[in-house]
Structure formats: structure tokens, C-alpha cells
Amino acid sequence: MTETVEQHPLSKYLRAAMMPHIWCAGCGNGIILNAFVHALDELQINLDKLVVVSGIGCIGRAAGYINVDSFHTTHGRPIAFATGVKLANSELEVVVISGDGDLFAIGGNHFIHAARRNIGIKVICANNFNYGMTGGQVGPTTPLDAFTTTTPYGNIEHPFNLVHLAAAAGATYVARWTTLHVRMLTMSIKKLLQRKGFSFIEVISPCPEIYGRHNKMRTGLEMMEWFKKASVISNFSDPAKAEITPERIVIGEFVDIQKPTYEELLHNKMAQIMKGEGE
Amino acid sequence: MAGEKTVLTGVHFMSGDIACAEGAIAAGCRFFAGYPITPATEIAEHIAVRMPKVGGIYIQMEDEIASIAAVIGASYAGLKAMTATSGPGFSLMQENIGLAAMTEAPCVIVDVMRGGPSTGQPTLPGQQDVMQAKWGSHGDYEIIALAPSSVQEMFDLTINAFNLAEAYRVPTLVMADEVVAHMWERVTIPSAEEIKIVNRKKPSTPSDKYMPFMPDDLVPPMACFGEGFRFHATGLTHDEYGYPRTQSSETQMKLVQRLCDKIRKNADKIIRVEEQMLDDAEIVVFAYGIVARAALSSVRKARQQGIKAGLLRPITLWPFPEKHVAKAAEKAKAIIVPEMNCGQMVREVERAAKGTPVFHMPKLGEEPHTPMEILEFIRRYGR
């Protein structure tokens, strides 16, 4: 027996009116979006209480594609915006989906402070090693020696190790996957959504059209082959040593701890103050 | 809330910064995000004490960019929200003031003006940000800006600012100056029932029919996050659904024109001025903020000396009260504009005065103009 379905079982999670999406062939953003909505579906998340916030960049359009309350902020500011949302209504699940340039160059300060405060927002970063939307400039995650449109002679800046940065800043859940590791990524997003504190997943994502073509990986397949060849799962290893080189991409979960969230401390403090204590 | 009052009804002796904070709480503000900066810090300090007692949120962010971003987020999550800063912080906020204008996020920004540019004179008063208030973010948009000239008005106009922000879904600015903010004066706080509170229009359509940017009388009703409407908002040019239409000239024209029109077409309802002895005034002093206090004193002294002087004090700086200026200019021989800057609102006055001579009195780097200084100017042109 065959059954005809009118629409894809996950289409309720997406805004059909926003399609087609803007992403290039071979881009990893669709895989990240796919993993995210699968995680929502598997957890049966209450979509009325989920807010997706993004910044500016290719992956920033994801907020508009997901059929929940969503806000596409200014460049670099989704975490600061999300902090206001989460504190104003702590019952909301607030997820930031944005890129490496948005979150770690122009928005780097907001990332480390939200992690330090342990605001209960969840951050998914698509790391494609460059500024895709503006045509492939060097960014804070571009590997040494890589070619971009603004490093035509090779990059001389040391890149951030995002999982090390997140762990050092105080994030309570930290993981890195590539878009090749779809099932692990989906599993990890489910954990991210179930954790209370500031949680972070870096997803290494192919950008063949804008980044790969300058670096001997002209197609999405070639970039995925790099991820396949180089990835090493090393759960709960030292994130300081979680390198990304042509030979080795260290992936896995690095941090999964509990500590009081900002909202918990705030509401406890407010309850004391309202009872007249703590003065 | 253990009996903690949100409205401190009664007569108080307080500073402008504290009055501003109390005005915000009385207006229903329950979210404040800020960053320390002289001379606005006392607003944050007082909010930090009071907000948790009334069930509201205070957070000190990592910078002013984060502060305004959090304020916009809190506004979309349903709370009345504000931040307070001074020139350097106000500069950092400009991009996201544009985001608030574009996404029609009701919010209040207090700028306690000090001497600029750059770090300038942190502890001295200025009025150098009044054009930045109007034009600070890129692109075409409108905001509302109010200029308190007393501690009482720091309370009253902060409430007013929240009401305007909610009514028009627009960032509303309280452009105070260091003197008004740090001065201590008598403040009368009315009972809660006597304070007019305006809340944003809520959608009456079911969630599946809701169009977040479909205007009703120029202002779209506003759903908030978590209410089941599942809507999208973006700083990109967007249609009535909130969806990006970055290549559509029609959408851009319609949206941006409406963002301007909702303020311009309601300007008569929004604008408030104080007019003193203007009916037969030959010499009109146009002054705002703390400078208007000295100006009123000088106008009274001029009248005692037989000079027909009058005061036009804009309480609303933006939209600019050009009809009031034009009317006063009809009978006037001269308009004098004392300002703590090198010449900002004076240009608007010149534009509206349509030929009546306008004289600027700049003052920088010290206390505001004295009544005698302004009187001297009035006598010069009033003979």
C-alpha cells in the first residue's frame, strides 16, 4: 500500500511563503535547518513558546524560514536581543541561529558576556570560515593561510577556536559537529534545547561557492569529503586542543555541566526582595 | 510585591535622574537594560533598586549596543522597556534605534546630554545631541523626542514618552541635559489613577490571519512573542507579513513612507509646547531644556523693562513644532535661540520663521545661559 501525502511531514515547521531560500547549491545551511526542525519534531517542542533570533548573514535568514516567532536583528546583535527576550519572558525557549562572523567578530562581545552570565539562551553557529553573504571575506574563523577575497595572499590572522572560547566564557553545553554528522548534530540540538543554561553548538558548514572555490574545494561534495577525511570525534576532550586544520577537525561534545542560570538567580533574588529580605 | 508601590504618590524632593526612573516605573516600564555613563548613571542605579521590588527586570549589559538590543527584545516579548545613556552611548545605540524604528518596537531611550563631541565634558551640560536624535540612524524614519526642563518634567515626560512609544510603536527619546538630570527639585507624583497610561494596540484578528505589519490607522496592532501568533520581524524592508522584500521598490516606498507618515500626520496630536507672553511678543525666545528656565526669567525681566518679549518652549523637539514657530514669527521682530551647542535647533527655527530674523546664542563648556545673558540679547534686538 502506498500513501499519498500532500505535504512533507516537517513542512509545518517552515514558512512556505518564504521559499525558495537564498542559499547556494552545496551550502550547509539547509542541513543545519533540517537538523534543527527534526530536533523540534522529535522533542515535540511547543512552537508557540519558541523564539528564533538571528543576525545578519546567510544563515541569518533561517529565522525567517522557521514558522515560529522569529526576529532577524542587526548584524552581530542577536544574542543581546535574545537576552532581552529571555529575561522579559523566561518561559520562552530562545534560540539564536547565526554565523561565525555575526556571532564572533562584530558580535563577539555579546557572546562572551551572555555565556559568562549563563543566560538560558541557545546558540547555534554555522561556521563556514568566511563572510559568505558579502562575497567571501576573511573572518574570525578563517584558517591560517586560507585564501579569501580579502586575503588574496593567504590569511595571516590566527582564527578563534569557538568551542574553546565558549567553554572559557562559561557556556554550560558546548559541542562541535560538521554538516556531515547530521544524526549527531540533531541529537546534540535536542540536548541543547533540553539544557537550561547558555548552550552552544558550532556546526562546520560547507561554503563551496564562496569559500571552497578559493581553497581547492570547488564543490559541496569536496568540502564534505574534507569533513569526512579529517573529522575525529573526541567527546569531552580538552576544547583548547579541538583543532581545525586541513588534516584534523576535532568534533564532539566538550562541555555539559550545570550551574544556576541568570534567570534562576534573578528570580530567586527578586522573590527575596519582594518578601522584604536581602536589604 | 509586599506592598511596594509602583507609583510613589506624594510630594518629593528628588533629582532629575531619580524622577525619570520613577516616571518609567509609574508608566509601567518593567525592563531596563543599560550601561554606566555620566551623567545618566543615577537612572540605572535607582532603577536597580526599585525595579526588582515591583517585579521588573534590571540588567547591566556589556555596552550600549547590547542595551538597546535587549530593550527591543524585551519590548517584542511584551514588556515596556527602556534604556538611559549619554552622548557616547547614544552614538553606539543609533543603529539599533533604526532597527526599533524599522520593526516598530515601542521603547524609550533617555539621553542625558553632556558636552561633546567624543568623550567631551562628561560632567557638564550640553544640548549637542538634538539633531542626532532626529537623524542619528541611517535611512529615512521618524522618532519622537521630548525635552524636559525641570525635575517634575523628568517624571512627567518619561511617562509621556512611554505613552507615545506605545501609541505609535516608535522609539521615543527623552533628550534631557546634565543640569535637569542632576538638579534636585520638588516633584509632585499624582495617584496611579490620575496618571494616563497608553498600551500598545493588540491584534483582534486570529493568529492565522495576523499580519504583523498591516497598519490600522498607520500603526499596526502588535502581537508579542509567545502569544501564539508565530510572526516574523526583520530590519530588512518587509511586507505586511513581515517577510523580506529587498528588491521591491513598491514595498520600500510603502513601508518607509508609512514609518514617516505615522508621526508626520499625527504631529499636531503629538506636539506640545509651552507659550509664555507670546500674544504680543516682538522678541521671541525659543529655548528648551534647562535653558528655557533662564529664558523665562529673562523674558519676565524684559517685560518689566517695557520690552514685549515672549517664550516659546518646545516640549516636543521632534516632530518639530514648526506651526508654533511660524505663528510666533508672524508678529515678531526677532527670534532668539539660546542653545548649549554651536547651532542646531536654530536651523529648524530659521526654516519655520520664514524670513523673520533669527539670532543664535551658542554656549559651550560651562553652565547654561544665565538670565542676564539672554536678557542682554533681548535688549539688543528689542529696542
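The values are calculated or read from the model by the stated rules, or taken from the named source; none is laboratory data. What you see is a predicted model; the values in this text were computed from it and never measured. Cβ sites come from the backbone with ideal geometry, for glycine too, and all protein chains shown count toward neighbours.
The table that follows gives values for the structure above.
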{"quantity": "Some residue of segment A:127-147 being out of contact with any Gly (no Cβ under 8 Å at 6 or more places or on another chain) and in a helix (DSSP H, G or I)", "calculated": "no"}
{"quantity": "In segment A:96-118, the residues that are more than 12 Å from chain B (Cβ to nearest Cβ) and in contact (Cβ under 8 Å) with a residue 60 or more places away in the chain", "calculated": "A:Ile97, A:Asp100, A:Phe104, A:Asn118"}
{"quantity": "Candidates A:Ile79, A:Ile56, filtered to the one that is β-branched (Val, Ile, Thr) and farther than 18 Å from A:Phe198 by Cβ", "calculated": "A:Ile56"}
{"quantity": "Test result for A:Ile79, of a type outside the set (D, E, K, R), more than 7 Å from every other protein chain (Cβ to nearest Cβ), over 13 Å from B:Ala69 (Cα atoms) and in contact with a Phe, Trp or Tyr (Cβ under 9 Å, 6 or more places away or on another chain)", "calculated": "no"}
{"quantity": "Residue selected from segment B:346-366 under the condition of a type in the set (A, V, I, L, M, F, W, C) and in a strand (DSSP E or B), by the criterion nearest to the chain's Cα centre (by Cα)", "calculated": "B:Met361"}
{"quantity": "Residue check for B:Gln304: more than 26 Å from the chain's Cα centre (by Cα) and not assigned by TED's automatic domain parsing to the domain that holds B:Ala181", "calculated": "yes"}
{"quantity": "Residue in segment B:69-85 that is among the small types (Gly, Ala, Ser), without any contact (Cβ under 8 Å) to a residue 24 or more places away in the chain and buried (at least 20 other Cβ atoms within 10 Å of the Cβ) present", "calculated": "yes"}
{"quantity": "Of the criteria (1) over 30 Å from A:Pro20 (Cα atoms); (2) surrounded by fewer than 21 Cβ atoms within 10 Å (Cβ to Cβ); (3) in contact with a Lys or Arg (Cβ under 6 Å, 6 or more places away or on another chain), which one B:Ala292 fails", "calculated": "(2)"}
{"quantity": "Some residue of segment A:29-43 being touching a Gly at 6+ places or on another chain (Cβ under 9 Å), among the aliphatic types (A, V, I, L, M) and in a helix (DSSP H, G or I)", "calculated": "no"}
{"quantity": "Residue check for B:Ala233: surrounded by 19 or more Cβ atoms within 10 Å (Cβ to Cβ) and touching a residue at least 60 places away in the same chain (Cβ under 8 Å)", "calculated": "yes"}
{"quantity": "Single match in B:Pro88, B:Pro106, B:Pro125 (criterion: in contact (Cβ under 8 Å) with a residue 24 or more places away in the chain, buried (at least 24 other Cβ atoms within 10 Å of the Cβ), more than 14 Å from every other protein chain (Cβ to nearest Cβ) and in contact with a helix residue (DSSP H, G or I) (Cβ under 9 Å, 6 or more places away or on another chain))", "calculated": "B:Pro125"}
{"quantity": "Verdict on A:Ala240 being within 14 Å of chain B (Cβ to nearest Cβ) and part of a helix (DSSP H, G or I)", "calculated": "no"}
{"quantity": "Filter pass, A:Ala175 being hydrophobic (A, V, I, L, M, F, W, C) and over 14 Å from the mean Cα position of the chain (by Cα)", "calculated": "no"}
{"quantity": "Any hit, segment B:299-321, residues being of a type in the set (Phe, Trp, Tyr), in contact with an Asp or Glu (Cβ under 6 Å, 6 or more places away or on another chain), surrounded by fewer than 24 Cβ atoms within 10 Å (Cβ to Cβ) and not in a helix (DSSP H, G or I)", "calculated": "yes"}
{"quantity": "Exclusive hit being in the same structural domain as B:Leu317 (by TED's automatic domain parsing) and out of contact with any Ser or Thr (no Cβ under 8 Å at 6 or more places or on another chain), set B:Ile283, B:Ile290, B:Ile263", "calculated": "B:Ile283"}
{"quantity": "Among (1) of a type in the set (Val, Ile, Thr); (2) touching a helix residue (DSSP H, G or I) at 6+ places or on another chain (Cβ under 7 Å); (3) more than 14 Å from chain B (Cβ to nearest Cβ), the one test that A:Ile273 misses", "calculated": "(3)"}
{"quantity": "Among (1) closer than 14 Å to A:Ile201 by Cα; (2) without any contact (Cβ under 8 Å) to a residue 12 or more places away in the chain, the one test that A:Thr134 misses", "calculated": "(1)"}
{"quantity": "Any pair with Cβ under 6 angstrom, 6 or more apart, that starts in segment B:135-150 at a residue that is touching a residue at least 40 places away in the same chain (Cβ under 8 Å) and ends at one that is of a type in the set (Gly, Ala, Ser) and not in a loop (DSSP other than H, G, I, E, B)", "calculated": "B:Ser137/B:Gly98; B:Tyr141/B:Ala101; B:Ala145/B:Ala133; B:Leu146/B:Ala161; B:Pro148/B:Ala176; B:Ser149/B:Ala292"}
{"quantity": "Close pairs from segment B:8-37: first without any contact (Cβ under 8 Å) to a residue 12 or more places away in the chain, partner in a helix (DSSP H, G or I) and crowded, with 24+ Cβ neighbours inside 10 Å, Cβ under 9 Å, at least 6 apart", "calculated": "none"}
{"quantity": "Hits in segment A:99-125 - residues which are of a type in the set (Val, Ile, Thr) and either touching a Phe, Trp or Tyr at 6+ places or on another chain (Cβ under 8 Å) or farther than 20 Å from A:Gly197 by Cβ (or both)", "calculated": "A:Ile106, A:Ile119, A:Ile121, A:Val123, A:Ile124"}
{"quantity": "Test: A:Gly57 is facing chain B (nearest Cβ under 9 Å) and more than 25 Å from A:Tyr262 (Cα to Cα)", "calculated": "no"}
{"quantity": "Sole exception among (1) within 13 Å of the chain's Cα centre (by Cα); (2) at the interface with chain B (Cβ under 8 Å from one of its Cβ atoms); (3) surrounded by fewer than 24 Cβ atoms within 10 Å (Cβ to Cβ) for A:Ala63, by number", "calculated": "(3)"}
{"quantity": "Hits in segment B:322-345 - residues which are over 21 Å from the mean Cα position of the chain (by Cα) and crowded, with 17+ Cβ neighbours inside 10 Å", "calculated": "B:Ala328, B:Ala329, B:Ala332, B:Ala334, B:Ile335, B:Ile336"}
{"quantity": "Strands (runs of 3 or more DSSP E) enclosed by segment B:153-252 - at least 1 residues per element that are within 14 Å of another protein chain (Cβ to nearest Cβ)", "calculated": "B:171-177, B:232-234"}
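Quick grid of which residues meet (1) touching a residue at least 40 places away in the same chain (Cβ under 8 Å); (2) of a type in the set (Asp, Glu); (3) under 23 Å from A:His110 (Cβ atoms):
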| residue | (1), (2), (3) |
| --- | --- |
| A:Trp23 | no, no, no |
| A:Cys27 | yes, no, no |
| A:Asp48 | no, yes, no |
| A:Ser70 | no, no, yes |
